[in-house]
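Enquirer: Would you mind keeping the following structure in view while I ask a few things?
The values are calculated or read from the model by the stated rules, or taken from the named source; none is laboratory data. Everything numeric in this text was worked out from a predicted model, so none of it was measured. Cβ atoms come from the backbone with ideal geometry, glycine included; neighbour counts cover every protein chain shown.
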Amino acid sequence: MEPDLQKRNRVDEFCEELARRCDELQRQGLWRELRRVDSEQSCRIIIGGKPCINFSSNDYLGLASHPLLKEAAIKAVEKYGAGSGASRLICGSLAPHHLLEEQIAQFKGVEAALSFSSGYLTAIGAICSIVGKDDIVLLDRLAHSCLIDAAKLSGATLKVFRHNDINHLESILKRLQNHEGSKTSKRKILIITESVFSMDGDVAPLKEIVELKEKYGGWLMVDEAHATGLFGKNRAGIISACGLNDSVEVQMGTLGKAIGSAGGFICGRKMLIDYLINRARSFIFTTAPSPAVSAAAAEGIRIIASDEGAVRLGMLRNLIDQFKNSSIGERFLLIKVESAIFPIILGTNELATGVAGHLINNGYFIPAIRFPTVPKNSARLRITVTANHAPEDIRSLTLALESAFNQFNLVR
Ligand SMILES: *Cc1c(COP(=O)(O)O)cnc(C)c1O
C-alpha cells in the first residue's frame with residue numbers, strides 16, 4: 001500500500017506545479033481551451049451545440065468537405081487500408097504517397113517533392129537536416145513557430161531580420177561577410193521566410209530576397225503554406241508566379257490549408273528530395289501518413305489546378321474584395337491585404353478575447369490570436385474568408401464587427 005500512496009502523492013505534487021503554471025497563463029490572459037466542433041469543417045460549423053459562421057478556417061477554397069476529396073479518401077481506405085503500417089523507408093511507402101508527390105512536383109513545376117505528416121514536421125525535418133551548429137539561419141521576425149522551432153533545434157546561429165525588411169536583411173548579410181571573412185564560406189547561410197504570412201496576410205518581397213541571397217551567397221527556404229492554391233498560374237503559389245522556381249533552394253508547403261487535407265511537403269530539385277529521404281529525421285522516424293490523407297490531398301491539388309480551382313479562387317477573390325471595401329476594411333486599413341487573411345490588431349489579450357467572445361455569442365466564430373502565436377501586445381482577430389462563404393455572410397460579418405467594436409468602445 002505504502003509505495004502506491006507515495007506515487008499518488010508525487011503525481012499530486014506534479015499536478016500542483018502544473019496548476020501554478022496554468023494559473024499564471026490565466027492571469028496573463030493567455031489561457032487556451034479546445035472548442036469541440038460537431039459538424040464537418042466548412043464555413044458553417046456547430047460549436048458547443050451552437051451554429052456559427054466560421055471565419056477562422058484555412059480551408060480557403062472550401063475543399064476540406066468537398067465530395068471528391070471525401071471520395072478519394074474513402075477509395076484509398078478501401079484499396080490500401082486505414083493505416084500505412086510502417087514508416088516510409090520500411091514498408092509504408094504506399095502508392096498514394098508516391099502519386100501525391102508526383103502530383104505536387106508537377107503542380108509546382110519542379111523536379112520532385114516529398115510529403116511529411118504535417119507542415120510542422122516538414123519544417124523540422126528540412127531545416128535540421130540542411131543546417132547545423134556551424135551554420136547560420138536568417139529568419140523573418142514574423143515567421144511561423146514551426147520555422148522558429150526548427151531553426152532553434154538545428155543548433156545553427158539564429159539571426160532574426162525585421163519583417164519583410166530587405167535593408168535589414170542586407171545589413172545582416174553584409175555584417176556576416178565582413179566579420180567572418182573566409183570563415184563564412186564554410187558556414188552555410190539559410191534565409192527562411194514565408195511567401196504569405198500566416199497571421200498578417202502580407203506577402204514577402206521574394207524577388208529582392210533572391211537577389212540578396214545570390215549576391216551574398218546564401219540559400220533560401222520559402223514556406224508557401226498560405227499561398228498555395230491562391231496565387232499564380234494554376235494557383236501553385238507565389239514562387240512560381242514570380243518565376244523563381246529555379247532560384248529558391250527549398251520550397252515548402254502544407255496540405256492542410258487550401259489543399260483541404262493534412263500534411264506538409266518540400267519540393268524542388270531531385271537532389272534535395274533524395275537528400276531529405278536520407279537525412280530528414282521527422283520523415284524517417286515516423287509512420288507514413290494514412291493513405292486516405294494523401295489521396296485526399298492529391299485530389300485537392302487536382303481540383304485546384306483545374307477549371308473548378310479557377311472558379312473557386314474567383315469566388316474567393318470577390319469575397320476578399322468585398323470585405324476589403326467594407327466599412328471595416330477601410331477602418332482597419334485592410335486594403336493592403338493581398339491574401340485571404342485579415343488581421344484586425346487590437347493589442348491586449350483581454351480586448352481580443354473580449355471581442356472574440358462577443359462575436360461567438362452572436363454566431364461568428366473568429367478566435368483571438370495571442371502571444372506566442374503573434375508578438376506580445378499585438379493580440380488580434382484573424383479573419384479568414386473562404387470560397388464557400390456567400391456575399392451575404394461578408395455583409396453580416398461587417399455589421400457584427402461594427403457592433404462588437406462599438407460595444408467595446410473601439411474608435412478609430
Ligand atoms: C499552418 C502552417 C504550418 C504548419 O502546417 P501544419 O500542417 O498545420 O503542421 C507551417 N507553416 C505555416 C506558415 C503555417 O501557416
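Enquirer: Picking from SER145, SER115, SER84, which residue would you name as being in contact with a helix residue (DSSP H, G or I) (Cβ under 6 Å, 6 or more places away or on another chain), modelled with pLDDT of 95 or more, within 12 Å of the ligand (Cβ to nearest atom) and over 25 Å from TYR216 (Cα atoms)? Write out each step before concluding.
Expert: Working: SER145 fails: in contact with a helix residue (DSSP H, G or I) (Cβ under 6 Å, 6 or more places away or on another chain); SER84 fails: within 12 Å of the ligand (Cβ to nearest atom).
Exactly one of SER145, SER115, SER84 is in contact with a helix residue (DSSP H, G or I) (Cβ under 6 Å, 6 or more places away or on another chain), modelled with pLDDT of 95 or more, within 12 Å of the ligand (Cβ to nearest atom) and over 25 Å from TYR216 (Cα atoms), namely SER115.
Enquirer: In the range 1-117, which helices (runs of 4 or more DSSP H) lie fully inside it and hold 3 or more residues that are within 25 Å of ILE304 (Cα to Cα)?
Expert: Those helices (runs of 4 or more DSSP H) span 67-80, 95-108.
Enquirer: Now for a different question. Taking the criterion of being part of a loop (DSSP other than H, G, I, E, B) and out of contact with any strand residue (DSSP E or B) (no Cβ under 8 Å at 6 or more places or on another chain), would at least one residue in the range 222-232 satisfy it? Spell out how you get there, then give the answer.
Expert: Taking the range 222-232 first, the residues part of a loop (DSSP other than H, G, I, E, B) are 224-232.
Of the ones still in play, those that are also out of contact with any strand residue (DSSP E or B) (no Cβ under 8 Å at 6 or more places or on another chain) are 229, 232.
Taking every residue of the range 222-232 in turn, at least one turns out to be part of a loop (DSSP other than H, G, I, E, B) and out of contact with any strand residue (DSSP E or B) (no Cβ under 8 Å at 6 or more places or on another chain).
Enquirer: Looking at the range 118-132 only, could you name the residues that are more than 12 Å from the ligand (Cβ to nearest atom) and assigned to a loop (DSSP other than H, G, I, E, B)?
Expert: Residues satisfying the conditions are VAL131, GLY132.
Enquirer: Taking the range 239-272, which residues are surrounded by fewer than 23 Cβ atoms within 10 Å (Cβ to Cβ) and within 15 Å of the ligand (Cβ to nearest atom)?
Expert: Those that are surrounded by fewer than 23 Cβ atoms within 10 Å (Cβ to Cβ) and within 15 Å of the ligand (Cβ to nearest atom): VAL250, GLY256, ALA262.
Enquirer: Another question, then. Would you tally the residues in the range 211-238 being under 17 Å from PHE265 (Cβ atoms) and more than 16 Å from the ligand (Cβ to nearest atom)?
Expert: Within the range 211-238, residues that are under 17 Å from PHE265 (Cβ atoms) and more than 16 Å from the ligand (Cβ to nearest atom) number 4.
Enquirer: So, GLY201, is that one crowded, with 18+ Cβ neighbours inside 10 Å and on the phi > 0 side of the Ramachandran plot or not?
Expert: Yes: the conditions hold for GLY201.
Enquirer: Taking ALA76 as the residue in question, decide whether it is more than 27 Å from ILE191 (Cα to Cα), of a type in the set (A, V, I, L, M, F, W, C) and surrounded by 23 or more Cβ atoms within 10 Å (Cβ to Cβ). It would help to see each step written out before you state the result.
Expert: Working: more than 27 Å from ILE191 (Cα to Cα): yes; of a type in the set (A, V, I, L, M, F, W, C): yes; surrounded by 23 or more Cβ atoms within 10 Å (Cβ to Cβ): yes.
The answer is yes for ALA76.
Enquirer: So, one more: Can you pull out the residues in the range 249-299 that are in a helix (DSSP H, G or I) and of a type in the set (Val, Ile, Thr)?
Expert: ILE273, ILE277, ILE284, VAL293 - these are the residues of the range 249-299 that are in a helix (DSSP H, G or I) and of a type in the set (Val, Ile, Thr).
Enquirer: Next question, about the same structure. Quick check, is ALA241 among the small types (Gly, Ala, Ser), at pLDDT 95 or above and closer than 22 Å to ARG141 by Cβ?
Expert: no
Enquirer: Does ASP321 count as without any contact (Cβ under 8 Å) to a residue 24 or more places away in the chain, more than 23 Å from CYS146 (Cβ to Cβ), away from the ligand (no atom under 16 Å from the Cβ) and part of a loop (DSSP other than H, G, I, E, B)?
Expert: no
Enquirer: Is there any pair with a first residue in the range 363-383 that is touching a residue at least 12 places away in the same chain (Cβ under 8 Å) and a second that is aromatic (Phe, Trp, Tyr) whose Cβ atoms are under 7 Å apart and which are 6 or more apart or on different chains, and what are they?
Expert: So the pair list comes out as TYR364/PHE55; PHE365/PHE55; ILE366/PHE55; ILE383/PHE55; ILE383/PHE342.
Enquirer: A further question on this structure: If you check LYS233, LYS207, which single one turns out to be surrounded by fewer than 23 Cβ atoms within 10 Å (Cβ to Cβ), touching a residue at least 24 places away in the same chain (Cβ under 8 Å), among the charged types (D, E, K, R) and over 12 Å from SER339 (Cα atoms)? Before the answer, list the steps.
Expert: Details: LYS233 fails: touching a residue at least 24 places away in the same chain (Cβ under 8 Å).
So the residue among LYS233, LYS207 that is surrounded by fewer than 23 Cβ atoms within 10 Å (Cβ to Cβ), touching a residue at least 24 places away in the same chain (Cβ under 8 Å), among the charged types (D, E, K, R) and over 12 Å from SER339 (Cα atoms) is LYS207.
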